[in-house]
Amino acid sequence: MKRHVFSTAAFSGAFIAAATFASPAVAQERYITIGTGGQTGVYYVVGQSVCRMVNRGSDEHNIRCNAPSTGGSVANVNGMKSGELDMGVVQSDVQYRAYHGESNFEEGAWEDMRAVFTMHGEPLTVVARADSGIEDISDFPGKRVNIGNPGSGQRNTMDVVMDAFGWDEDTFALASQLDAAEQAAALSDNNIDAMVYVVGHPNGSIQEATTTIDARLVSVTGEEIDGLIEEYPYYTRSVIPGGLYRGNDEDVETFGVAATFVSSTAVDEDIVYETVKAVFENFDRFKRLHPAFENLNEEDMISDGLTAPLHDGAARYYRERGWIE
Ligand code: GLU
């Protein structure tokens, strides 16, 4: 009996020793969260794709990545600032404003923001119901327009556009603030006349809008827009090619920004290093994950649209590859 008790104790002692021995490995497992956007946009696919590449190598680096849907660029900046997110996808204009503390980041410049790489182009995309009478953004006054949820990048850009035209929310019959993923249904249900989305193409949201009803991508032009392109370094002229969506065979002129991938000084150099390494070491595979990634190339991705300094972990990898000094 005594012997039995003793051996049980020895057994549980061994078990505890094994558990203790195993715990350093468990503790080394690191989790990263990437902020994206609505599920029918492209940011969601960016986050999912980066995580897919990172998680392929989890056995080696012990990093596990997840990329939930969020309110968009501004929500991602705020999530990184509070430490809830480690990395995020952010419009290049939002990156600039957050880093410099402009627009709705007036509470202060976020100098700890770090650039990682740039992704696809994002034209400001206006989709209007064919029966709305909207042929250009200048037809917005008096219409029902979804100006976007406050955490989104399109809302941030729309605020600047509205300022340029001298509009405010009272200019419209309705200025709704629906999330990106809710816009297409609101357009088809005739609850709004137009939706605004700063987004890569093609994407699920605009596919949804143009297949369920007759809806048109309309141009975003005029001297107000010319003024914005002249004034701000991060705005460029942009064309959405015809033929991507049902009933929209013509090219549409607008202006746009770039989607950028950012992090913060609070995130370990090693984590960002492994993340960029996972993307660039599997780059062909990565580019096949969404048609908006097709034309990405390494050179532009590490130079265009980046306002914040490169994250040390990203710089280390780019230096190793000989892409930067
Ligand atoms: N540009 C949008 C934003 O910053 C998101 C676009 C997307 O999800 O692809 O909120």
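Read-outs: derived from the displayed coordinates by stated rules, not from any lab. In this text, all values refer to a predicted model and were calculated from it rather than measured experimentally. Methodologically, a virtual Cβ is constructed for each residue, glycine included, from the backbone with ideal geometry; neighbour enumeration extends over all protein chains shown.
For this structure, a couple of remarks:
- Summing charges over neighbours of GLY35, with a neighbour being any other residue whose Cβ is under 12 Å away from its Cβ, gives -1 when K and R count +1 and D and E count -1.
- Ascending count of other beta-carbon atoms within 10 Å, so fewest first, for ASP168, ASP159: ASP168, ASP159
- Whole-angstrom gap from segment 131-163 to segment 39-97, using each part's C-alpha centre: 26
- Note that segment 182-325, at 4 °C in a medium of 1.567 mPa s, gets a Stokes-Einstein diffusion coefficient of 72 µm²/s from its Kirkwood radius over C-alpha pairs.
- Computed over the Cα atoms of segment 115-230, pair by distinct pair, the Kirkwood hydrodynamic radius stands at 14.3 angstrom.
- Among the chymotrypsin sites (Phe, Trp or Tyr not before Pro) within segment 100-164, not one is in coil by DSSP while having at most 15 neighbouring Cβ atoms inside 10 Å.
- Ordered by the number of other Cβ atoms lying within 10 Å of each residue's own Cβ, fewest first, TRP323, TRP167 fall into the sequence TRP323, TRP167.
- For the chain, share of DSSP beta bridges that run antiparallel, in % to the nearest 5: 70
- The chain - Rg and Dmax from Cα coordinates, angstrom: 23.3, 94
- From least to most packed, judged by other beta carbons within 10 angstrom and beginning with the fewest, THR33, THR171 follow the order THR171, THR33.
- Most fluctuating residue given options GLY227, GLY313, GLY247, as computed from a GNM of the chain linking Cα atoms under 10 Å: GLY227
- Other residues lying with their Cβ under 13 Å from the Cβ of SER69 contribute a combined charge of -2, Lys and Arg counting +1, Asp and Glu -1.
- Across q = 0.11, 0.24, 0.26 Å⁻¹, segment 57-142 modelled as identical point scatterers on its alpha-carbon atoms has Debye log10 I(q)/I(0) values of -0.48, -1.17, -1.27, in the order of the q list.
- Under the span-like rule (Cα at least 15 Å along the axis, Kyte-Doolittle mean at least -1.0), DSSP H helices of the chain: 2-28, 43-56, 153-165, 269-281
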